[in-house]
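Nothing in this text is a laboratory measurement; each read-out follows from the coordinates by a stated rule. Quick caveat: nothing in here was measured; it's all calculated off a predicted structure. Don't worry about glycine lacking a Cβ; one is built from the backbone with ideal geometry, like all the others, and counts go over all protein chains shown.
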Amino acid sequence: MDSIREILKERILVLDGAMGTMIQRYKLEEDDFRNAELKDHPSPLKGNNDLLGLTRPEILKEIHATYFEAGADIAETNTFSGTTIAQADYSLEHMVDKINFESARIAREVADEFTAKEPHKPRFVAGSMGPTNKTASLSPDVNDPGYRAITFEELKVAYYQQAKALLAGGVDIFLVETVFDTLNAKAALMALDDLFFEVGKQYPIMVSGTITDASGRTLSGQTTEAFLISISHLELLSVGLNCALGAKQLRPYLQVLAQKSDFLVSAHPNAGLPNEFGEYDQTPEEMSAEVEEYLKENLVNIVGGCCGSTPDHIKAIATTAAKYSPREIPQLETV
């Protein structure tokens, strides 16, 4: 099978869409998040979607398969909150290895099934590493600006544990995503560097930040260009943006990345902006039309969907993306 880097020279690859949006369709209850091991766990577990690889694996298989059928080339593992830091909210730090391993194994199994059926279109698995619910750069206490709820080392240790379990489960790529604090992302990247040194092999890394509002900055205050500069010393497969904004609102920030990055560029925006009920109304056709503007401008190499996107959105995006060539990496002047 050709490496993902070789395939990306030939065509735009399609990332899957929202996992949470699809899980909501199953209308799960507390019992769906429990198995024999968690039967008597004292904390409520409903909503801890990362557990579903252990308690309802058939749901994850169905979702991955539906996205692959829609045209996705890359599936994200269901591990956005799969660190000890995030799982502490449920007192489930001890389950992190199982959560990541099983979600990666499930995605790998489905990806391999589709690759076997369609060898001309190999499917890949990206280990999703979310930002955690704590930030290394900002204080959660307005009365104590110097206070931090987490240290860089604690983040690094947590990310290392997650990454090691994802790798054991069979991921091809690591996706450090929805980065709102680049210091958190640096901890994840350093953890990956340590893991690669330990196993004696480099794996592709995608990094995807999130611009949180119309100011064009991340939550920790960086512009898109500053975010790019902060991680450009590393060897990355791609840098990109996801979440928070719809495709139309994300476009000016992708233009910055496309002009200034010598990495590949990814984008997986939300399906528009949420309505007053927090729901996403943008149709697949509307979202695809907005994403097509990226393609016309030669902005991206990898494209998919985030919050509110479904297999129908991904199918429309994949159909559109197939008509265009991938972004060519610009020759940048070295300073």
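Summary table below
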item: R0 of 41 Å, Cβ-Cβ distance K201-T223: FRET efficiency to nearest 0.05; result: 0.75
item: Length added when fully stretched, S232-E6, from 0.36 nm per residue minus Cα-Cα; result: 79.2 nm
item: Ranked I229, I302, I317, criterion: other C-beta atoms within 10 Å, fewest first; result: I229, I302, I317
item: Kirkwood Rh, angstrom, the stretch 250-335 [1 / mean 1/r, Cα pairs]; result: 13.5
item: Sparsely packed trypsin sites (Lys or Arg not before Pro) within the stretch 156-232, loop by DSSP, other Cβ within 10 Å at most 13; result: K201
item: More than 35 angstrom apart: percent of Cα pairs within the chain; result: 15
item: Computed label-point distance, nm, for sites D97 and T115 using a 7 Å Cα→Cβ extension; result: 2.6
item: Per-residue Cβ neighbour rank within 10 angstrom, fewest leading, R327, R123, R34, R25; result: R25, R34, R327, R123
item: The stretch 149-249, Rg to Rh (Cα coordinates; Rh as Kirkwood inverse mean 1/r); result: 0.98
item: Low-density loop cleavage sites - GluC sites (Glu not before Pro) in the stretch 240-299, where at most 14 other Cβ are within 10 Å (DSSP); result: E276, E279, E297
item: Net charge over other residues, Cβ less than 11 angstrom from the Cβ of F101 (K, R count +1; D, E count -1); result: +2
item: Label-point gap, in nm, between Y26 and E279 - each point 7 angstrom along Cα→Cβ; result: 2.1
item: Rounded to the nearest 20 debye, dipole of the chain from Cβ charges on Lys, Arg, Asp, Glu; result: 400
item: Footprinting exposure proxy for T83, T283 (fewest neighbouring C-beta atoms within 10 Å first); result: T283, T83
item: Label zone at K296, where the point sits 7 Å out along the Cα-to-Cβ direction: the stretch 241-263 residues whose backbone N lies under 19 Å; result: 246-256, 258-259
item: Net charge of Cβ neighbours under 14 Å - reference R217; Lys, Arg +1; Asp, Glu -1; result: -3
item: Simple label model, 7 Å out from Cα along Cβ direction - S139 to D262, nm; result: 4.0
